Structures are given as structure tokens and as C-alpha cells.
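Data first, discussion second: the structure below is written as C-alpha cells.
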């Protein structure tokens, strides 16, 4: 998924960030001014406030009606349900349901679940409003369904209501839902007044407690005397004034609701507002830095990491964001590899941690080798149990000899070969572990060594070699990439800090990329370019071709001898020993470089099962591509059988095969 998009629990498609002024499809409200939101490009119901999307998980309802977990769904029965919070009809949008409230009677005497408007579930009506918006007296919530005429909007109502017992006036719950003034425990000095629209220009535009933008709420509360603002979430659900949790600190912590710069003792990151503090211990944490797990698995390290209150490693760098860590603060570290340390919030990110607390779980041995050692140079590999494999370090090149795991040719590398058949593995491929963690997924990947057609999640290439799988598939080459990743083309090591980016090599958008973290260096490399072989053999030249990383000062016109089209010498290309060739990397390798010649596979093309054979393009006459009507120029092509015309059809590249 595009990392710029988000996935929320109540919508099936990923959403992209937008600025919005229109009605939210979740809460049905339109905020004054421009606010942050998310939009779906795939369906009609797909424009949501950011606060609605972020707060749409199952919640514990705080009202007197129910304290159980509420589940969200879309309201398909327009006007047929009533909200258990305000007793008004639910006409559209998303709703919360409490399936535990099966003893709530319906109007027809039956029993069913409780349904809530989004706002009634997240921000239930106050029982008493001391300072209403549109009335001069105190209002009390009447928890009885009745018919009335609202004193604010003049329209009829038939649900719960607010009532003024001095004037005998009745109001819709939603018309008087937000008090004009509130007294808040985090700001007891003055009352906070209701504000709508853009916050005053002298403010920073953020909630003093949670740092959310004030424009992301329908309304907010503000004290102009103290320049103190709170969004609705913190007004209705304020953080505790005192926090006593031995998992965080031995002493009671006190909330300090003010603007103050600090370094969080728990996560090691800087903050600028409302920390919890223990003054005797000089202990300071973010007000949301609680509830962290103790022992977890993350996709940046093969061992478990444990939370510690003191990193204790001078000049340590977080293994995820690659930023410097404060050695005197807490974080996560590996007991086996003490130099591997991580910020608490980085290690518990959704794209890093699998969400499972492993504190009381026995640690399984994950470093089990994939082979049995027979003698110094002989092994029995899990992928080839019938015969033993012998180690060959001669470095002698034999034409068309490929590794069964990565499906790349064996040139001068050491390799294991079967003593009874043609099975061969690179020495490095033979040592690949049975289980592996990788940055593209939070779950562990299992080593699979039988032939199966996949598209690698990291590089996007097709492969039927050995692979690692969970819900995603990785070919063994991409799975073997570790951090720091050192490449000859760049002077600095590369790291996986964020997924998507524009590759500095091929100038294409990559779904998974490696980045340089040096200051003022914005170098990015996708997995496909990162794993281009430095040396290849091609029938265009009797010598090995080597990868050239571009020549910025090159002049003149260069041509690719394979496709006979112009080559940009500033881009990567393959060249010969005498430098007379400038060949496109894709022309040398082709789209099917990850498929084993001679293998037969099947896949679906336009919902139709299609069988194909992977064929080497080594005949004197090049085959004609069925789709583009051109001669196949790449080292490997696909051949299929057409039942209608009773003949074979050839395809030179992916775009032709899948079109």
C-alpha cells in the first residue's frame, strides 16, 4: 500500500490525505474552515475528517447507558434506528453498535443492540450544562423519550432532550450539546469558552494536551487570558491529573498542562507540552507515553527486543529512524546485540511491531540452520534432502549454470552442487535461515523452497525461485538485504526509514526504497536497482559486462546494441571491458530475470488461467512477440499454447504478457 495513504477500520479502501471543507461521511458534520481529512478515490462514501478516521476504532462508551466496547458499521437502514445516546433517528453515515446490550427493549417490545451516532458515542451529552450556548439558565438532560419543540431551532423533536426547569423550555440534545463554557481539571484557573472555526492567530493552533490541530474538531474550547486551548477529545476525555503505574515509574506522576520543552525519559524524544512529571526524580514523559509493551518482535531485527528505562549506549542511533538517541533515556534494546537500540515510539509503530507482547512467552530458537553438516565441505540442505551437496570454490564459470534459490547465474562465486544431479546453490543462498523478519511486513516470513510463481513485494519482479512468505512474498535476494546496505554507487550506507520514494537511479516511484540518512543527502534507491548484478554474461559480448553507475560529464550520443535505441549515459548501464558498449540494464536482464528457464507455471490474465513456459532466448532466430509484433530481445521470454489457433505464442515482457 502507498505509505502516503492510510487504512482505517471502517472503510475497505486506502485513503489519501486531503484538505476538506465539505461534510464528513462518518460524522455527518461540516467544520468551519479548512481541516485535515482523508478521501477515498474508489467509492462514493469516502470523505472523512482526520479526527473521525483516527478515533474510529472500537471504543469503551463512557455514558451511563453502557460501559462496554462499541463496534462501528455503516448505517444501511436510513431512519429506522434510534441513537441510544440522544434517542434521535439515525439517518445516514456510520454508527457504533454495542452488541452486548441485547437487553435494550425496542419500541415494538423486542430486544436488540444499542446504536449510537458517532458523536454520541465519542462525546456523550453532559447530564448538566451550567452555561448553555443559546440559553441563560442551566439545562438538565432528560433521559426520557418525549415529543417537544426545540427552543433553539424551533423544530420538533421526539428523543432525549435538554430542559430548563426555570423557563420550562426544551431543546434538542444536538442543538445544546456543547456548553458555552466549561471548567476543566487541566485549567482550573479560568473557564474555557466555546470556539468555532479558525483558532485565534496568537495561538499555535494546537490542543495544549494532545497537540492535535484545533481545526480537526467541529469546535474547541479556549481561554484567551492564558492562551490555553483544548480540542473536544481532551475536553470530554481528559488525561488523568495523576498517574501511578509501576510499569512506568515507581512514584506517582503529575500532569503539567503547560507549554514546556523536555526530553521524554521513556521514549527519548523531545516534547513541547503537557508532560507527566516526577519532580524529585527529574522524571518527565509525554502524556501519551504509557502502556508500552516490555518484550516485542520487530521487523528491523531478528531477535526480540526489550524495553529498558536506560539505554546506556553513548552515541547510540535508533535502528529505525536513524536519529541519535539520548543514552540516559529509555527505549528498546536487544539483549544479544547490545548495540541495537530503538526509540520506544519507533519500535512500537504499526509498521514495525506486530502488536504482540512477548513478555511471558518463551523465546523460540530462530537461528536454526537450513542444513545438516556432513563434513567440512559437504552438507544436506533442507531443499534437497535426497542428496548431499558439495562445496565448490574453484570460481570457474560454466555457461547457463544457475542457483536454484535466487535463479541468478553462478559466475565466480562459491557454490554447493549436488553430487548426484544438477542441483546448485550459491554458498550464500545455502545459508539463508528458515525464518526471517523483513521491513516490508511486521510478521515473520517463512522460507519456502518449492517452485511457485510470485511477484516480490520489495522489488516488484516476478519470481519462481526460493522465497520467504507470510501474507506477502519476497524473493530470497530482496529478503537478504540488511541494514546498513552498502552499495558501490554511493559513498554512504543506505537504510529503510520510510517505504515509498522516487528512486535516484531509475527515476521511478518505488514501493519500497532504501535511503541515505546523511544530512543534505536525499539519495534514494529502490530494491530493483539495489540488486542489479554488478557483473553479467550476455551473448552481445564474449566478455563479462559490468555495471556502470552513470557518467555525468559524458558527451555525445550513446546507443544500446540490444534494442538499438539511445542510451542516457547519466543513468546506470552495462558496459563491456573495452567500454564500447552502453546497454540498458532492462535490455540486458529483461522482465523475467527472476524466472527459471525451462520451468512451467500458470497465472491469471484478465481472470483467465494462462499456462506458460519460461524459455531462454538463445536461438539464432529471435521469436516474434504475439502482443507487440516485435522480435524478443530479452534473454528470457514466455511461451504459451493457444487452444483456439492450435499454435504457440511468445511474449517478450510483462506488459505484453499481461495486456
Checklist entry - Here is a list of conditions, (1) touching a residue at least 12 places away in the same chain (Cβ under 8 Å); (2) more than 28 Å from residue 399 (Cβ to Cβ); (3) not in a strand (DSSP E or B), and residue 618 meets all of them except one; can you say which number that is? => result (2)
Item to check | residue 547 vs. criteria under 39 Å from the mean Cα position of the chain (by Cα), at pLDDT 90 or above and part of a loop (DSSP other than H, G, I, E, B) | outcome: no
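What residue, of 512, 487, is in contact (Cβ under 8 Å) with a residue 40 or more places away in the chain, under 30 Å from residue 578 (Cβ atoms), in contact with a strand residue (DSSP E or B) (Cβ under 8 Å, 6 or more places away or on another chain) and buried (at least 19 other Cβ atoms within 10 Å of the Cβ)? Walk me through it before giving the result.
Details: 512 fails: under 30 Å from residue 578 (Cβ atoms).
When all the criteria are applied, what remains is 487.
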Checklist entry - What is the one condition in (1) out of contact with any strand residue (DSSP E or B) (no Cβ under 8 Å at 6 or more places or on another chain); (2) farther than 19 Å from residue 534 by Cβ; (3) modelled with pLDDT under 95 that residue 578 does not satisfy? => result (2)
Checklist outcome for this item: Screening 478, 429 for residues that are more than 21 Å from residue 514 (Cα to Cα), out of contact with any strand residue (DSSP E or B) (no Cβ under 7 Å at 6 or more places or on another chain) and crowded, with 22+ Cβ neighbours inside 10 Å leaves only 429
Checklist entry - Looking only at segment 265-305, which residues are surrounded by fewer than 22 Cβ atoms within 10 Å (Cβ to Cβ), under 24 Å from the mean Cα position of the chain (by Cα), touching a residue at least 60 places away in the same chain (Cβ under 8 Å) and in a strand (DSSP E or B)? => result 295
Item to check | Flag for residue 337 being within 19 Å of the chain's Cα centre (by Cα), farther than 17 Å from residue 444 by Cα and part of a loop (DSSP other than H, G, I, E, B) | outcome: no
Next on the checklist: Quick check on segment 252-264. Is at least one of its residues more than 30 Å from residue 197 (Cα to Cα) and buried (at least 20 other Cβ atoms within 10 Å of the Cβ)?
Outcome noted: yes
Next on the checklist: Among the residues of segment 384-432, what is the count of those that are assigned to a loop (DSSP other than H, G, I, E, B) and within 29 Å of residue 541 (Cβ to Cβ)?
Outcome noted: 21
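What do you reckon, is residue 395 outside the structural domain of residue 426 (by TED's automatic domain parsing) and either exposed (fewer than 12 other Cβ atoms within 10 Å of the Cβ) or at pLDDT 90 or above (or both)? Reasoning before the result, please.
Working: outside the structural domain of residue 426 (by TED's automatic domain parsing): no; either exposed (fewer than 12 other Cβ atoms within 10 Å of the Cβ) or at pLDDT 90 or above (or both): yes.
The answer is no for residue 395.
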Next on the checklist: Restricting to segment 590-614, name every residue that is assigned to a strand (DSSP E or B), within 25 Å of residue 409 (Cα to Cα) and touching a helix residue (DSSP H, G or I) at 6+ places or on another chain (Cβ under 8 Å).
Outcome noted: 612
Next on the checklist: Could you check segment 547-560 and list, in sequence order, the residues that are surrounded by fewer than 15 Cβ atoms within 10 Å (Cβ to Cβ) and either under 23 Å from residue 631 (Cβ atoms) or in contact with a strand residue (DSSP E or B) (Cβ under 8 Å, 6 or more places away or on another chain) (or both)?
Outcome noted: 550, 557, 559
Checklist entry - For segment 188-211, what are the residues that are within 19 Å of residue 260 (Cβ to Cβ) and in contact with a helix residue (DSSP H, G or I) (Cβ under 7 Å, 6 or more places away or on another chain)? => result 205, 206, 207, 209, 210
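If I ask for residues that are touching a strand residue (DSSP E or B) at 6+ places or on another chain (Cβ under 7 Å) and touching a residue at least 24 places away in the same chain (Cβ under 8 Å), which ones from segment 441-458 would you list? Spell out how you get there, then give the answer.
Applying the first criterion (touching a strand residue (DSSP E or B) at 6+ places or on another chain (Cβ under 7 Å)) to segment 441-458 yields 442, 444-448, 453-458.
Matches in segment 441-458: 442, 444, 445, 446, 447, 453, 456, 457, 458.
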Checklist entry - Taking segment 102-125 as the search range and keeping residues that are part of a strand (DSSP E or B) and at pLDDT 75 or above, which one is farthest from residue 232 (Cα to Cα)? => result 115
Checklist entry - Do the conditions hold for residue 642, that is, is it loosely packed, with under 12 Cβ neighbours inside 10 Å and touching a strand residue (DSSP E or B) at 6+ places or on another chain (Cβ under 9 Å)? => result yes
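Residue-by-condition table, conditions (1) over 34 Å from the mean Cα position of the chain (by Cα); (2) in contact (Cβ under 8 Å) with a residue 12 or more places away in the chain; (3) within 26 Å of residue 22 (Cα to Cα):
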| residue | (1), (2), (3) |
| --- | --- |
| 218 | no, yes, yes |
| 221 | no, yes, yes |
| 224 | yes, yes, no |
| 227 | yes, yes, no |
| 232 | no, yes, yes |
| 239 | no, yes, no |
| 242 | no, yes, no |
| 245 | no, yes, no |
| 251 | yes, yes, no |
Checklist outcome for this item: Turns out the strands (runs of 3 or more DSSP E) fully within segment 140-249 with at least 3 residues that are under 19 Å from residue 125 (Cβ atoms) are 161-164, 169-172, 181-184, 187-196, 219-223
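Take the residues of segment 628-659 that are within 37 Å of the chain's Cα centre (by Cα) and in a loop (DSSP other than H, G, I, E, B): which is modelled with the lowest pLDDT? Give the derivation first.
Of the residues in segment 628-659, the ones within 37 Å of the chain's Cα centre (by Cα) are 634-638, 651-659.
Next, only the ones that are in a loop (DSSP other than H, G, I, E, B) stay: 634-635, 652-653, 659.
On the way: 634: 96, 635: 94, 652: 95, 653: 95, 659: 87.
Filtering segment 628-659 for residues that are within 37 Å of the chain's Cα centre (by Cα) and in a loop (DSSP other than H, G, I, E, B), the one modelled with the lowest pLDDT comes out as 659.
The values are calculated or read from the model by the stated rules, or taken from the named source; none is laboratory data. Note that the structure is a prediction, hence the values are computed from the model and not measured. Ideal geometry is used to build each Cβ from the backbone, glycine not excepted, and the neighbour counts take in all protein chains shown.
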